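Following: one structure in structure tokens, then a few remarks.
The values are calculated or read from the model by the stated rules, or taken from the named source; none is laboratory data. Because the structure is predicted, anything quoted here is derived from the model rather than measured. Cβ coordinates were reconstructed from backbone atoms using ideal geometry, including for glycine residues, and neighbour counts include every protein chain displayed. Protein only, heavy atoms only, side chains kept; ligands, DNA and RNA dropped before computing areas. Shrake-Rupley method; radii C 1.70, N 1.55, O 1.52, S 1.80 Å.
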2 protein chains.
Amino acid sequence: MKVVLIGAGNLATNLGKALKKAGIEVVQVYSRTKKSAKLLSDILVCNWTIDVQEIVDDADYYIFSVKDNVLEQLIIDVCSHIKTGIFLHTAGSMSCDVFKNKVNKYGVFYPLQTFSKNSYVDFENIPIFIEGNSIEVCQQLEMLAKKISINVYTLTSEVRQYIHLSAVWVCNFVNHCYSIGQDILAQHGIPFKVLLPLIYETTKKVSYLQPKEAQTGPAVRGDKNIIEKHIKLMHDNPQWQELYKNFSQNIYDMSSSKKKTL
Amino acid sequence: MKVVLIGAGNLATNLGKALKKAGIEVVQVYSRTKKSAKLLSDILVCNWTIDVQEIVDDADYYIFSVKDNVLEQLIIDVCSHIKTGIFLHTAGSMSCDVFKNKVNKYGVFYPLQTFSKNSYVDFENIPIFIEGNSIEVCQQLEMLAKKISINVYTLTSEVRQYIHLSAVWVCNFVNHCYSIGQDILAQHGIPFKVLLPLIYETTKKVSYLQPKEAQTGPAVRGDKNIIEKHIKLMHDNPQWQELYKNFSQNIYDMSSSKKKTL
């Protein structure tokens, strides 16, 4: 089984490693920049190119892992000279139909995880959401996905976008809360590491408690005094004040299931 | 060394267990309600009371772990008949001075953690922030804290409130992001557990990457199309739409360090 990776970013890097580990041959890496293409091809020990016309035309899978805003044009460019093989993208919010009328066999291969180039991720437990434009493609995708993960789900593009949306909440927005916490402490000379036991416990709790049951703090208690104090402490950052207010109100509303004002 | 716990909530329960484990005698539990007082006294094998006047007057420490809005009145009530011992509270945002002119020796004993009654927490690595109204009290508090934790810091009330504020961000607001993620998935019949590998990896990353370096997703990429799609998907929840917009804008601003509009 031969795979071409289109893109050489965080996701392509991690996926490439997982495929190789599972014994699947990555034959070529395409990237816009020579540096990225070469870097990933060195890791995977394969060819690389920065020229769309030089992408090999005999692979079984072409997996696009590029920014959403360049995906559509890149598909047009690649598909102008390659007609066989299964074409896949890895984007949570892009429809499967982005390949429609451009190639015969296509689908989506969406691993639900946050990837950084320098952080090794074991794919085995990562949920992979797949979609294909035919039953045959779905079956082949399922086989491919099961080689690297034990959690494979077939899903429509419609539902997948909600998974991506919830992922933004529990990953990107959570990580941003960490950034804000770090900034607040740094302004007072306190290292971020003092927050780590609290961060670990918060994460651990939701593996056996519903997040709503696990909630603590001033907002769920409706403690207006503390909320007002905290908002004042952030007087030099109106964006954080606004986020804090809205968070507290929403936590209170969701816990009391009533639309009261804090 | 004899300790009286005033309050029998999540924090008092976990702290009582940790003190007992360290060989410190909890002699009595006071709570407003008989049920809570009895429950905790059963765990700690000690006396309990719901009558402030019955709180023993010969303990070495009186540790108040009650809601901030009842703390001040309760201190007045308890201190009306007890004059010796060291009086402590465990609140992140309350000043040490809440005890001023009421007793001679007082301070703060603030463990930075989220506590649930049914989730056992090992205190050993929890940072404990202490403050005393004299050098002697500080020294005694340090000894007490070091019996249950290896991370003890002396801190002013002024700085402690910023620690509490950052804790709200990295715990309560993070947990609320989990709640929202769960709700979005539940509306489409998908179990919360599919998010757990993503949640674990997001948390794990900040132990070796700065949160700002660890950030991924549409906001940090400035991907307006996805952001607009996501906001539309939440059309039945204007509060989430507002939070999502503000989060995305703030992530973008902080990553680009410029005040541009997404």
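On the full set of protein chains, 1.4 Å probe, figure out the accessible area of A:Glu228 and give it in Å² to the nearest 10.
Using a 1.4 Å probe on the heavy atoms, I get roughly 100 Å².
For the range B:117-155, which chymotrypsin sites (Phe, Trp or Tyr not before Pro) pass both filters: DSSP loop (anything but H, G, I, E, B) and at most 11 other C-beta atoms within 10 Å?
Sparse-neighbourhood loop chymotrypsin sites (Phe, Trp or Tyr not before Pro): B:Tyr120.
Which whole-number value in Å² is the accessible area per residue of the range B:116-262, probe 1.4 Å?
Roughly 43 Å² per residue, with all protein chains present.
To the nearest µm²/s, what D does Stokes-Einstein give for chain A at 20 °C and 1.002 mPa s, using the Kirkwood radius over alpha carbon pairs as Rh?
102 µm²/s
Just the ratio, please: alpha-carbon radius of gyration of the range B:129-262 over 2.2 N^0.38 Å, N its number of residues.
Against the compact-globule rule of thumb, the ratio is 1.42.
For the protein assembly as shown, what log10 I(q)/I(0) values come out of the Debye formula at q = 0.09 1/Å, with one point per alpha carbon and no solvent?
So the normalised log intensities are -0.70.
Quick one: with label points 7 Å out along Cα→Cβ, list the inter-copy distances for B:Val70 in nm, shortest first?
Those separations, rounded to one decimal, come out as 6.0 nm.
Where does each of B:103-113, B:16-26, B:215-225, A:172-182 land if you order them by average Cβ count within 10 Å, highest first?
Put in order of decreasing packing, that is A:172-182, B:103-113, B:215-225, B:16-26.
Between the label point of A:Glu136 and that of the same position in each other copy, find the distances and list them shortest first in nm, with every label point placed 7 Å from Cα along the Cα-to-C-beta direction.
In ascending order, 8.9 nm.
When the accessible area of chain A is split by element with a 1.4 Å probe, what percent falls to carbon and sulfur?
49 percent
With contacts defined as alpha carbon pairs under 8 Å and 6 or more residues apart, what's the relative contact order of chain A in percent?
12 percent.
Between copies, how far apart are the B:Ala186 label points? List them in nm, one decimal, shortest first, with each point 7 Å from Cα toward Cβ, please?
3.6
What distance in nm lies between label points placed 7 Å from Cα along the C-beta direction at B:Ser257 and B:Glu142?
Between B:Ser257 and B:Glu142, the simple spin-label model gives 3.8 nm.
Per residue of B:246-257, count partner chain C-beta atoms within 10 Å of its C-beta, then hand back the mean as an integer.
4
If you count only protein heavy atoms and use a 1.4 Å probe, how large is the accessible surface of B:Arg160, to the nearest 10 Å²?
Answer for B:Arg160: close to 0 Å² accessible.
Would you mind telling me which residue in A:Asp97, A:Asp236, A:Asp51 has the biggest mean-square fluctuation in a Gaussian network model of chain A, where springs connect alpha carbons within a distance under 10 angstrom?
Checking each option, the largest mean-square fluctuation is seen for A:Asp236.
Total Å² of accessible surface buried at the B-A contact, 1.4 Å probe, nearest 100?
So the buried area, both faces added, is about 9000 Å².
How big is the charge dipole of the protein assembly as shown about its Cα centre, in debye rounded to the nearest 20, if each Lys and Arg gets +1 on its Cβ and each Asp and Glu gets -1 on its Cβ?
Computed charge dipole of the protein assembly as shown: roughly 100 debye.
Exactly which chymotrypsin sites (Phe, Trp or Tyr not before Pro) in the range A:186-251 are in a DSSP loop and have at most 11 other Cβ atoms within 10 Å?
Of the chymotrypsin sites (Phe, Trp or Tyr not before Pro), the ones in loops of the range A:186-251 whose Cβ has at most 11 other Cβ atoms within 10 Å are A:Tyr208.
Got a sec? What order do A:His164, A:His81 fall in by accessible area at 1.4 Å, biggest, i.e. largest, first?
Largest accessible area first, the residues go A:His81, A:His164.
How many Cβ atoms of partner chains, on average, are near each residue of A:182-193 if near means within 10 Å of its Cβ?
5
May I ask you to rank B:Met143, B:Met1, B:Met254 by accessible area, largest first, using a 1.4 Å probe over the protein chains only?
Order by accessible area, largest first: B:Met143, B:Met1, B:Met254.
Of B:Lys67, B:Lys229, B:Lys34, which is the most mobile in a GNM of chain B whose springs link Cα atoms less than 10 angstrom apart?
Of the options given, B:Lys229 has the highest mean-square fluctuation.
Counting only DSSP beta bridges with both residues in the protein assembly as shown, what percent are antiparallel, rounded to the nearest 5?
20 percent
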